[in-house]
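Enquirer: This is the structure I want to talk about, given as structure tokens.
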Amino acid sequence: MYKKSSGLPDLAFVDVETLGLNPEKHRVIEIAVSRVPFAVKKWPASPEILVRRFTPSAEDFAQAEPGALRVNGYHAGHPEWSAAVPDQKGAWQMLNSLVLRDAVLVSQNVPFDRGFMEAELRRAGVTNPFWARRFIDIQSYSALIAMEKGLTKWGLHDVYAALGLPALQEHRAAADVQRGMAVFKYVYDRVMKTA
């Protein structure tokens, strides 16, 4: 699906929506990934975002944290689950072998996203994720932009809004991937102009 564009690893912007905060207990219900060449000189106008949704079992849903469901708005019978992937194990194996292979993970909170991805991969029989050892956590980028813009909050949604970009859906993995790419690109463009 993806081919490396240079000798450098590609960036895989990722975000997950979950049923709670414990990756060993709570399942991923949505993942979005967008893979971008690391050494891109001209940022893709509309980077492709791959989204996979997973319908939790009744048992998994019963273990969900009510607070997590309030935040992401998912509930039993949610209409977005009509497009859920039927073969969850196969979807995670495909993500590992084709989409994330050799890529540097990038997100607003890499330890959170990576921890849930690793737990789901283990459930799918994958004990050795194929992504690169290094990662980029863009919380630092968000903090730089927040300081530049005089923000008191450094969250991804607040920083993205301060950039004056079009509003996006709240608490959906694809929208947070778009926000993350926008924050990364904002800082990247300034670094490239001064390099």
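The values are calculated or read from the model by the stated rules, or taken from the named source; none is laboratory data. Quick caveat, the model's predicted, so the values are computed rather than measured. Here the Cβ is made from the backbone with ideal geometry for all residues, glycine too, and neighbour counts use every protein chain on show. To get the accessible areas, we keep the full protein, side chains included, count just its heavy atoms, and leave off ligands, DNA and RNA. Shrake-Rupley method; radii C 1.70, N 1.55, O 1.52, S 1.80 Å.
Enquirer: Would you check which residues across segment 183-195 are within 17 Å of Ala12 (Cβ to Cβ) and surrounded by fewer than 19 Cβ atoms within 10 Å (Cβ to Cβ) and list them?
Expert: The answer is Lys185, Tyr188.
Enquirer: Just give me the residues in segment 46-67 being free of Cβ contacts under 8 Å to residues at least 40 places away in the same chain and surrounded by 12 or more Cβ atoms within 10 Å (Cβ to Cβ), in sequence order.
Expert: Matches in segment 46-67: Arg53, Phe54, Thr55, Pro56.
Enquirer: Here's a follow-up. Tell me, yes or no, whether segment 58-67 has at least one residue that is part of a loop (DSSP other than H, G, I, E, B), within 19 Å of the chain's Cα centre (by Cα) and either closer than 15 Å to Glu30 by Cβ or at pLDDT 95 or above (or both).
Expert: No, segment 58-67 has no match at all.
Enquirer: Another one. Check segment 151-162 and report whether any residue there is open to solvent by 70 Å² or more (accessible area, probe 1.4 Å), small (Gly, Ala, Ser) and either at pLDDT 95 or above or under 23 Å from Arg114 (Cβ atoms) (or both).
Expert: no
Enquirer: Step by step: first the residues of segment 96-122, then only those that are in contact with a Lys or Arg (Cβ under 7 Å, 6 or more places away or on another chain) and under 20 Å from Thr18 (Cβ atoms), then the one that is modelled with the highest pLDDT. Which residue is that?
Expert: Within segment 96-122, the match that is modelled with the highest pLDDT is Leu105.
Enquirer: Next question, about the same structure. Which residues, taken from segment 68-89, are without any contact (Cβ under 8 Å) to a residue 24 or more places away in the chain and part of a helix (DSSP H, G or I)?
Expert: Arg70, Pro79, Ser82
Enquirer: Next question, about the same structure. Within the bounds of segment 72-85, is there any residue that is under 13 Å from the mean Cα position of the chain (by Cα) and surrounded by 19 or more Cβ atoms within 10 Å (Cβ to Cβ)?
Expert: no
Enquirer: Would you please list the contacts, defined by Cβ atoms under 6 Å and residues six or more apart or on different chains, that run from a residue in segment 91-120 that is farther than 23 Å from Val183 by Cβ to a residue that is hydrophobic (A, V, I, L, M, F, W, C) and not in a loop (DSSP other than H, G, I, E, B)?
Expert: Trp92/Leu121; Asn96/Leu121; Glu120/Val28; Glu120/Trp92
Enquirer: Could I ask something else about it? In segment 103-115, is there at least one residue being among the hydroxyl-bearing types (Ser, Thr, Tyr), within 30 Å of Gly7 (Cβ to Cβ), open to solvent by less than 20 Å² (accessible area, probe 1.4 Å) and outside any loop (DSSP other than H, G, I, E, B)?
Expert: yes
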